[in-house]
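Asks: So that we are looking at the same thing, I have put the structure below in structure tokens.
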Ligand code: SF4
């Protein structure tokens, strides 16, 4: 099973974006990519998700193996600055997602039903919503659009970076990779202290 997943998990990434076109509620699946790196750190005491299971890494690696430039990434990108920029972007984005969803839930603002790139740039098309799965509260739809936008943005950046440079370059700055490394370090420190 593990081998099959490692081989075909790139299809999960592609399916995520296709399912969102059918109904934006499927974008909630994106939370798996936010939770699983930490679940594996807790379970295995190592970054098993990043090492074996991450579908985004699989997708980017496969694609860049075919069309990538395979250049060495500049030092500033992989030695800290890139990591910090992506982490700040991710933190602000998550904060905005939580606050705006809360506002929609409390009926203090309308849901945003557009895909945005880098939070600020609204894409000039509407999602077709091809599959009606019944009534969904506004906050759930809003959250779906926001998660889809975040995954869309990071995948576009990942595609750009992985194809400009070596295939694993995205992983050097991926916020989930950075955060799961921090979680692992914290866990090991706590174990040493005990
Ligand atoms: S660093 Fe990010 S993209 Fe790379 S394997 Fe880990 S979670 Fe996936």
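Every number in this text was worked out from the coordinates using simple rules, so none of it is lab data. Note that the structure is predicted; figures quoted are calculated from it, not measured. Cβ placement follows ideal geometry from the backbone for every residue including glycine, while neighbour counts extend to all protein chains displayed.
Asks: Express the relative contact order of segment 15-119 as a whole percentage, based on alpha carbon pairs under 8 Å and six or more residues apart in sequence.
Replies: In percent, rounded to a whole number, it is 9.
Asks: Here's another thing I want to ask about it. What do you get for the angle between helix 55-67 and the principal long axis of the chain? Use alpha-carbon atoms, 0 to 90 degrees, nearest ten.
Replies: With both axes taken from Cα atoms, the answer is about 70 degrees.
Asks: What do you get for the angle between helix 175-193 and the principal long axis of the chain? Use alpha-carbon atoms, 0 to 90 degrees, nearest ten.
Replies: 60 degrees
Asks: Give the order of 62, 116 when sorted by the count of other beta carbons within 10 angstrom, beginning with the fewest.
Replies: 62, 116
Asks: Sort 107, 138 so the one with the fewest other Cβ atoms within 10 Å of its own Cβ comes first.
Replies: Arranged by neighbour count, lowest to highest, 107, 138 become 107, 138.
Asks: Further, regarding this structure: In degrees from 0 to 90, rounded to the nearest 10, what is the angle of the helix 31-44 Cα long axis to the longest principal axis of the chain?
Replies: Its long axis makes an angle of about 30 degrees.
Asks: In addition: Please give the peptides 55-61, 65-71 ranked by average Cβ packing (other Cβ atoms within 10 Å per residue), highest first, as a rough proxy for protection.
Replies: Details: 55-61: 21.9, 65-71: 11.6.
Sorting 55-61, 65-71 by mean packing, highest first, produces 55-61, 65-71.
Asks: Sorted by mean Cβ packing within 10 Å, highest first, what order do the peptides 141-148, 177-184, 20-27 take?
Replies: Highest to lowest by the protection proxy: 141-148, 20-27, 177-184.
Asks: Continuing with the same structure: Given contacts defined as C-alpha pairs under 8 Å and at least six residues apart, what's the relative contact order of the chain, whole-number percent?
Replies: In percent, rounded to a whole number, it is 35.
Asks: Right, another one. With Kirkwood's inverse mean 1/r over C-alpha pairs for Rh, give me the Rg to Rh ratio of segment 34-73, two decimals please. Let's see the in-between values first.
Replies: Details: Rg = 12.9 Å, Rh = 11.4 Å.
Result: Rg/Rh = 1.13.
Asks: Can you give the calculated 222 nm mean residue ellipticity of the chain, where each DSSP H run of n ≥ 4 adds -39,500 (n - 2.57) and the sum is split over every residue, rounded to the nearest 500 deg cm²/dmol?
Replies: -21000 deg cm²/dmol
Asks: For segment 2-193, count the residues as N, evaluate 2.2 N^0.38 Å, and divide the Cα radius of gyration by that value, please. Don't jump to the answer; show the numbers that get you there.
Replies: Numbers: Rg = 17.5 Å, N = 192, 2.2 N^0.38 = 16.2 Å.
Working it through for segment 2-193, the quotient is 1.08.
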